[in-house]
Structure formats: C-alpha cells, structure tokens
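One structure is given here, and the rest of the page talks about it.
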Amino acid sequence: MELNNTRLINISRLTKTFQNGKKKIEALRDINLEIDKGEFVSIIGASGCGKSTLLRIIGGLDREHKGKVLFEGKIVTAPSRQRGFIFQDIRLLPWLNVEDNIKFSLPPDTSDVDKIVNEKLEIVNLKGFEKAYPKQLSGGMAQRVAIARALANQPKVLLLDEPFGALDAITKIKMQEEMLRIWEREKITMILVTHDIDEAVYLGSRVIVMASGSIQKMYNIKLPNPRSRISHEFNIQKEIIYKEFFGNEEAPFAYSI
C-alpha cells in the first residue's frame with residue numbers, strides 16, 4: 001500500500017506477533033488503514049481480535065511490529081503528548097485532587113497551568129470539583145477528569161480504549177454524549193476501541209470491524225449529530241454491523257418505526 005502523507009495517520013501492512021512459550025500468536029495481520037484529521041473512528045470487535053493492540057501501536061506504546069505506522073508523515077517510534085490515551089481503568093493518582101491530577105500530566109515548563117486546568121475542567125463540566133479527590137468522585141466524574149487530563153496537552157488525536165466499559169448503563173450513555181460534545185467542540189481526531197455496537201454507531205463517523213487480527217469491513221456512518229438511538233436509520237446501521245458478526249440472524253434491537 002502506498003502511503004498518503006496528507007493523512008493524519010497512515011498504517012501500512014502492519015503485522016504484530018506475540019510469542020507465547022514456543023507458540024506464536026498473530027495479533028494483527030496486514031492492517032492497512034488511513035485516518036483523516038477530525039474523524040471519529042470506532043474500531044469494534046470481539047475480545048482478542050487485536051483492536052487494543054492496534055490502538056497501542058498507534059499510540060507508540062508497542063513498537064515491536066512489522067509494517068509502518070505514520071503520524072503526520074513521521075514514523076511512530078514512541079509515545080507522544082500529541083496522541084492522548086484514555087483507558088478503561090481510569091488511573092487517577094488517589095493522593096492528588098482533581099486539579100493536581102490534571103497538572104501532573106503537563107510538562108514542567110508549561111506556562112499558564114491554572115488557565116489550562118480551568119479551561120479543561122469547564123470542557124468536561126467539572127468546574128467546582130477542583131479540590132475533590134478521586135475517592136470522592138463517581139465513576140463518570142473520574143473518567144471526566146481522565147479526559148480533561150488527556151486534553152490538557154492539546155493532543156491532535158485521542159485514543160480511547162473502551163473508556164466507558166466499566167460504567168453503569170446510564171452513566172455510559174451520558175459519557176458517550178459528553179464525548180461526542182467534546183469531539184464536536186474541540187475538533188480532535190478520536191479513535192475508539194469498543195465491543196459495543198450501539199456505542200460504535202452512536203459515536204463513529206466511521207466504524208471498522210475487526211476479527212482475528214484483521215480488518216473485515218469498514219462502514220461510513222452518514223447520520224446527523226446528535227443521533228437518535230431510537231430512529232429507524234440508527235437501528236438499520238446497527239443491524240448491518242450486527243449481521244457482520246452473527247450472519248443473517250435477526251438483530252435483537254432491529255425494528256421499524
């Protein structure tokens with residue numbers, strides 16, 4: 001695949017193999033992918049399909065692989081503040097309050113630190129909780145702090161590794177709406193890994209289906225934002241992707257209105 005350097009992210013013939021004793025496990029096989037600036041890409045697949053491994057390689061957290069991963073035309077060789085990472089486990093420092101957790105992520109020579117912290121807390125709707133400690137926050141609020149911390153470095157892309165998987169159903173929906181609002185406001189490229197079809201379609205401008213370490217299908221989601229989860233068009237998109245996993249079996253959420 002010829003790389004197009006005008007893309008924000010270019011992935012060419014990416015293959016990743018793990019060694020498990022004497023056995024080799026191919027986690028990724030010949031991945032070719034381009035992601036434009038400002039896209040919200042959802043990567044969906046069952047556990048073990050390689051989607052989180054792909055995200056870690058894009059983030060520079062895993063550098064032992066074959067093939068090329070380019071960010072702004074340069075080969076990814078290490079983590080970068082330009083590629084923020086948000087994990088499923090929130091990873092706040094329990095001995096620091098909210099504002100200090102955000103400050104901790106910034107380089108020591110950062111100017112206007114207080115201004116940056118206040119701006120990011122406002123973006124995630126956490127003004128007034130600056131002095132709260134992680135143990136005093138709900139799961140959704142703690143994840144908002146993690147998002148603010150990732151945004152503080154003004155990244156060009158946010159890598160989201162099942163960030164809402166541990167939340168209850170209601171909080172999860174609210175956080176999805178919050179993430180969509182932040183994406184539209186901040187114009188940051190976002191790449192989400194999930195195993196939730198509803199989440200993938202609700203958030204993604206493009207949905208990539210992975211299985212057995214390779215990309216099976218890509219779908220452009222041409223639905224207006226904000227999206228209605230109960231609309232016929234939304235559920236048709238979900239049904240198409242559902243059938244990619246389960247064949248012609250009728251999707252449990254498919255219906256007509």
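What separates the Cα centres of segment 203-219 and segment 26-65 is a distance of 10 Å. Put simply, when 149-157, 122-130 are sorted by average Cβ atoms within 10 angstrom per residue, most first, you get 149-157, 122-130.
Could you let me know the centre-to-centre spacing of segment 171-201 and segment 103-131, using Cα atoms, in angstrom? Spelled out, the Cα-based centre of one part sits 22 Å from the other. For the chain, DSSP calls about 55 percent of its internal beta bridges antiparallel.
At a threshold of 8 angstrom on Cα-Cα distance, excluding pairs fewer than six apart, so keeping six or more, what relative contact order does segment 91-147 reach in percent? Contact order relative to length: 53 percent. Mean sequence separation of contacting Cα pairs (under 8 Å, at least six apart), scaled by the length of the chain, corresponds to a relative contact order of 24 percent.
If a/c stays under 1.5 just call it rounded; otherwise compare a/b with b/c (prolate if a/b is bigger, oblate if not). Do that for segment 106-224, with a ≥ b ≥ c from the square roots of the Cα gyration tensor eigenvalues. Let's see the in-between values first.
Working: a/c = 2.15, a/b = 1.65, b/c = 1.30.
Cα axes put segment 106-224 in the prolate bin.
Rg/Rh for the chain stands at 0.97; both radii use Cα atoms, and Rh follows the Kirkwood definition.
Per-residue packing, averaged as other Cβ atoms within 10 Å, sorts the ranges 66-72, 49-55 into the order 49-55, 66-72, beginning with the highest.
Among 22-32, 200-210, sorting by the average number of other beta carbon atoms lying within 10 angstrom of each residue, highest first, gives 200-210, 22-32.
Give Lys66/Lys187; Lys68/Lys243; Lys74/Lys156; Lys51/Lys156 a once-over and call out the pairs whose C-alpha atoms are over 26 Å from each other.
Those over the limit are Lys66/Lys187; Lys68/Lys243.
Laboratory data are not the source of any read-out in this text; all were calculated from the coordinates shown. This structure is a prediction, so every number in the text was calculated from the model and none was measured. Virtual Cβ from ideal backbone geometry, glycine too; neighbours counted across all protein chains shown.
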